[in-house]
Every structure is written in C-alpha cells, then in structure tokens.
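Worksheet: one structure, shown below.
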Amino acid sequence: MIPLHSMMSANALPALMKTFGVVVLLLSFALGFVKGFRRVSWGGLTWAVAGGTFVLIGRALPSDNKINFIVILLLAMAVIVATCALFGTLGHYLRPKMRWVKDDVNGDTSLAEFGLEFEPEYLDYDGEHEYAPYGKRLHKTGFGPPCFFFRVLGGLTCVINSAIVLWLAYSLFILTINATDLAQGSLGVLIQGKWPELLLEFAKQCTFEIIAIGIMMVVAMKGYKKGMIASIHALVVSFGGVLAFGISFYLPFSAQSSATSGFFKPLGTLVTRCTNVFVNFEKVSRFSGVLGRLTAGVCLFCLALLILWLIDLVFKKCSKIIHSTAPTRVLDSCVAFILYLIIGALICTAILFVLATADYFGIFYVSKALSEGAHLTDGLIDFVQVMLDGLMAPYMF
C-alpha cells in the first residue's frame, strides 16, 4: 500500500498530473466521438486557433526593438475578428439548426378553435402545453447521427478543448511557482531540469498572450450576441434606476431643497408642500421636515421611473426597427463586437494592474512570469507600470 504522503510529495506530483491529463483527454475524445463534430463545443478550438495564430505572428515580429503597442493591440483584434468570422461561417453551415417553416402538406391533423393543429387521437391536451401555429412546423437539420469522419473530428475537437484548458492551468501553476517564493520550497523541483525549463520559457511567451486573446474574444462574442442597442438599453435601465434612486432621495435633503427661485424652485415647492401635509398632523408634526423630504423623494423617484419607462419604450422601438432587417441587425452586432473587444482589452489591463501591484509589494514578480517575446502582455504591463508609478510615487519613500 502506497503511503498518502509519498503520493502527494513534490516528486510524485508530475506523474499524478500526467495521469490526470491523459485520463481527461481520453474521456474528452470519447465524448466528442459520441456527439460528433457538429454538436460539440468549438470554444476551446476557436480559442486555440486565435491564440496560436497571434503567438505565431508575434514570433515573426522583431523582438530587438519595441513595436508600437497600439499596432500590437490592433493586430490582436484583427486576429480575433478573423477567427470569429471563420468559425461563425463554419457554424452557419455545419451547426444543427431549428427553425419554424410553413407546412404546405395537410397531414393527419385537425384545426382547433383558435387555429392550432393537433392529432385527433390525442384528446387530453392541457392548457399549459405550447402548440405550434397552424400551418407551421419545427424544421430540424443536422440532428441525425454523425458519420465516422465527424465522430473522429468531434473527438479531436474535444481533445483540443480540454488540452488548452489543461495547458493553461499547468502554465499558470508553474508561472506562479516561478514568480513567487514557492520556487524556494519543495515545489521548486517542478521547474528544474531541461524539459521543465523549456516548458517554463514557452509558458512565459504564450500563457498570458493566449489568456488575453481568450478574454477579449469571449467578451466580444458576448457583445455580438447582445447587440449595441440592447447593451445601451441594459446599461441605461440598470444604472439609470440606481442613479434615479440616489438622486431622488438626495435632492430633498440637499441645500437646493429650500430654493425659492431659479432651476430648483419646483424642488423647493415640492418639499414645502409635502412638509406642510405632515405639519397638520399633531402626532408627527415634530418630524414633518424629515417625513416631507422622504415623501418628496418618493415623488421624485416615481417621476424618474416614469421617465425610465418611456426611455425603455423608445429603446424597444429602436431595437424592433434595427432587428427588422438583416443589414441593420448585422451592423448593430458588429459595432457591439468592436466595443466589447475594447472592453475585453480593458479587463486584461485591470488583471495585469493587479499583478503589477502585487509586484510592487514583492508578492508576485511579473518579470519572472513574462518574457520579451510576449508582445501584447508586455505592452500592457508597460502601460500599467507607468500608471502605477504615477499612483504610487507620492507614497514611496
């Protein structure tokens, strides 16, 4: 019987990690083989293609001189756009689809009172069941059993999906060991030797690049599916509601609530009238000032909700107009894709800002986790470092 402490030692950890990786990859291939290429997720494959393409382009760029960071960022965005367009096109033709089509064939169905079709022998319909409109049927394509080629391709796709996740997890693990004081402990054996050092150097060049590409791509695809109008709509309604609540109850308690002329005169009139209502009640007259202002806040908040409701109607009408034609719908999604791509880059910057802050305090040494060949993350970390130096300079002695 093998002692547990020996299994969990640093020397046994590489063997356990290899065994775990092989088991995961075999299970992934089996799952993809059963489902087929058309029905498995392409997320990891898309991520691997985009990240690998950018890393290869980065290796082709000269490393002896600094390339403009804006050029690198635009190059990363172009790779993401091209990869998403490629897999989007493949998905359009290969993915299973479901859509409602007109049924011109009069089968063994009967027309109910409200124009719904049903089979005559099934008489026990309940009110909660959803029926297709008469004359339409749900047309499915691509849901049949996959051929052997698509089964093998599906297995390989699942292997790639799992492999990129396992590789990034392993890379982050060894980079964390190398960039912290863990390298001085028992875990330091994992980054010692010829092959571990080669893998560590490769991880320095690729890991954060691929992670950054993945974050930007996921955020951009979220924007593409949501659309620009829907994104602005959600932003205005959500933040507008919180802002309206705060302003509505702030103004009655502010100095402007006593204004008798000018822009805030209606506010002063509302607070005065609400206060006078409670003055007439003897039991609460001593609190009339507070109660009057709270009531005025409720009135202002109701007015703000009415305005937000009207704005909501305008956005819904605009969304309906935009989604009525294919060109405007595609344009709306593409604009959102670009905007969310920039938001993804800002998220990557925020993550590196946290790492740079940890570097400042000696918790995580960024220089040991990145190499000169990592053009995108190297440019981001330089930008973050300049910003962090400006913020920390007044507090450093």
Among residues of the stretch 357-377 being in a helix (DSSP H, G or I) and over 23 Å from the mean Cα position of the chain (by Cα), the residue surrounded by the most Cβ atoms within 10 Å (Cβ to Cβ) is H375
Looking at (1) in contact (Cβ under 8 Å) with a residue 12 or more places away in the chain; (2) closer than 30 Å to L94 by Cα; (3) surrounded by fewer than 17 Cβ atoms within 10 Å (Cβ to Cβ), which is the one condition that is false for L56?
-> (1)
Residue under evaluation L198, criteria (1) surrounded by fewer than 18 Cβ atoms within 10 Å (Cβ to Cβ); (2) in contact with a Leu (Cβ under 6 Å, 6 or more places away or on another chain); (3) not hydroxyl-bearing (S, T, Y), criterion not met | (2)
Can we say I338 is among the β-branched types (V, I, T), assigned to a helix (DSSP H, G or I) and touching a Leu at 6+ places or on another chain (Cβ under 7 Å)?
-> no
Taking the stretch 219-232 and the residues there that are surrounded by 18 or more Cβ atoms within 10 Å (Cβ to Cβ) and among the β-branched types (V, I, T), the one that is nearest to K316 (Cα to Cα) would be I229
Just checking, which of L306, L235 is under 37 Å from the mean Cα position of the chain (by Cα), closer than 28 Å to S333 by Cβ and exposed (fewer than 13 other Cβ atoms within 10 Å of the Cβ)?
-> L235
Restricting attention to the stretch 155-195, report how many residues are open to solvent by 30 Å² or more (accessible area, probe 1.4 Å) and either within 25 Å of the chain's Cα centre (by Cα) or acidic (D, E) (or both).
-> 12
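Residue-by-condition table, conditions (1) modelled with pLDDT of 90 or more; (2) over 26 Å from the mean Cα position of the chain (by Cα):
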| position | (1), (2) |
| --- | --- |
| A12 | no, yes |
| M17 | no, yes |
| A30 | yes, yes |
| W47 | yes, no |
| I67 | no, yes |
| L73 | no, no |
| T89 | no, no |
| H92 | no, no |
Within the bounds of the stretch 267-283, is there any residue that is of a type in the set (D, E, K, R), within 15 Å of F249 (Cα to Cα) and either surrounded by 13 or more Cβ atoms within 10 Å (Cβ to Cβ) or out of contact with any helix residue (DSSP H, G or I) (no Cβ under 8 Å at 6 or more places or on another chain) (or both)?
-> no
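The values are calculated or read from the model by the stated rules, or taken from the named source; none is laboratory data. A quick note: this is a predicted structure, and the numbers were derived from the prediction, not measured. Every residue, glycine as well, gets a Cβ built from its backbone with ideal geometry; the counts of neighbours run over all protein chains shown. When the accessible area is computed, the model is the full protein with side chains, heavy atoms only, and any ligands, DNA or RNA have been set aside. Shrake-Rupley method; radii C 1.70, N 1.55, O 1.52, S 1.80 Å.
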